[in-house]
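Working notes, structure below.
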Amino acid sequence: PIDLIPRSIFEPSYIKDYYTLPIQSHYVVQSLNLPNLAHSDSAKLRVLSKLMSNCFLHREIREIGGAYGSGCVFNENGVASFFSYRDPNNLNTLDAYNRAVDWVVNSAENIKDQDVTEAILSIFTRMDQPTTPENKGLF
């Protein structure tokens, strides 16, 4: 139902920082450099980030792993960031981030048109929000 982006776009260049802290829940982030907003695939990547958030990461990290929240965001500079917060299973979460890419590549036929529509509407909803009075001078 959707035209997917080749897996080669997700090939990482590794800069790893992992800090072990004596706490029971964590904030876990993994970022990838992807094409920026000017690239022709940026709209697809933004939709893809919502699909991974809603259809895979929520289930794997929040429902199964017990984190308070998780998702994937793609910004205009071409940085895609997987995130979780208040996460008791940080190593499993890092594994889920990698499996999210595999899920997209290997399960494209399982992505429903309704999921794509909801992802697109979610993106437009964020883009088309009214500016609050306190933010009028900021943007």
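The values are calculated or read from the model by the stated rules, or taken from the named source; none is laboratory data. Remember, it's a predicted structure, so these values are computed and weren't measured experimentally. Because the Cβ atoms are built from the backbone with ideal geometry, glycine has one as well, and the counts that use them run over all protein chains shown. Please note that ligands, DNA and RNA were not included when accessible areas were found on the heavy atoms of the full protein model with its side chains. Shrake-Rupley method; radii C 1.70, N 1.55, O 1.52, S 1.80 Å.
In the stretch 91-139, how many are modelled with pLDDT of 90 or more, farther than 13 Å from Leu51 by Cα and among the polar types (S, T, N, Q)?
Summing the residues that are modelled with pLDDT of 90 or more, farther than 13 Å from Leu51 by Cα and among the polar types (S, T, N, Q) in the stretch 91-139 gives 3.
Just to verify a result, which residue in the stretch 13-53, among those that are under 12 Å from the mean Cα position of the chain (by Cα) and β-branched (Val, Ile, Thr), is farthest from Ser122 (Cα to Cα)?
It comes out as Val29.
If you go through the stretch 8-35, how many residues are at pLDDT below 85 and either in a loop (DSSP other than H, G, I, E, B) or open to solvent by 100 Å² or more (accessible area, probe 1.4 Å) (or both)?
16
For the structure I just gave you, tell me whether Glu76 is over 21 Å from Asp17 (Cβ atoms), touching a Leu at 6+ places or on another chain (Cβ under 7 Å) and not small (Gly, Ala, Ser).
yes
What do you reckon, is Ala96 assigned to a loop (DSSP other than H, G, I, E, B) and either touching a helix residue (DSSP H, G or I) at 6+ places or on another chain (Cβ under 7 Å) or among the polar types (S, T, N, Q) (or both)?
When the stated conditions are applied, Ala96 does not pass them.
Can you confirm whether the stretch 81-95 contains a residue that is at positive phi and of a type outside the set (D, E, K, R)?
The answer is no, given that none of the residues of the stretch 81-95 is at positive phi and of a type outside the set (D, E, K, R).
Here is a list of conditions, (1) in a helix (DSSP H, G or I); (2) surrounded by 10 or more Cβ atoms within 10 Å (Cβ to Cβ), and Glu109 meets all of them except one; can you say which number that is?
(2)
Looking only at the stretch 112-139, which residues are surrounded by fewer than 10 Cβ atoms within 10 Å (Cβ to Cβ) and in contact (Cβ under 8 Å) with a residue 12 or more places away in the chain?
Residue satisfying the conditions is Asp113 alone.
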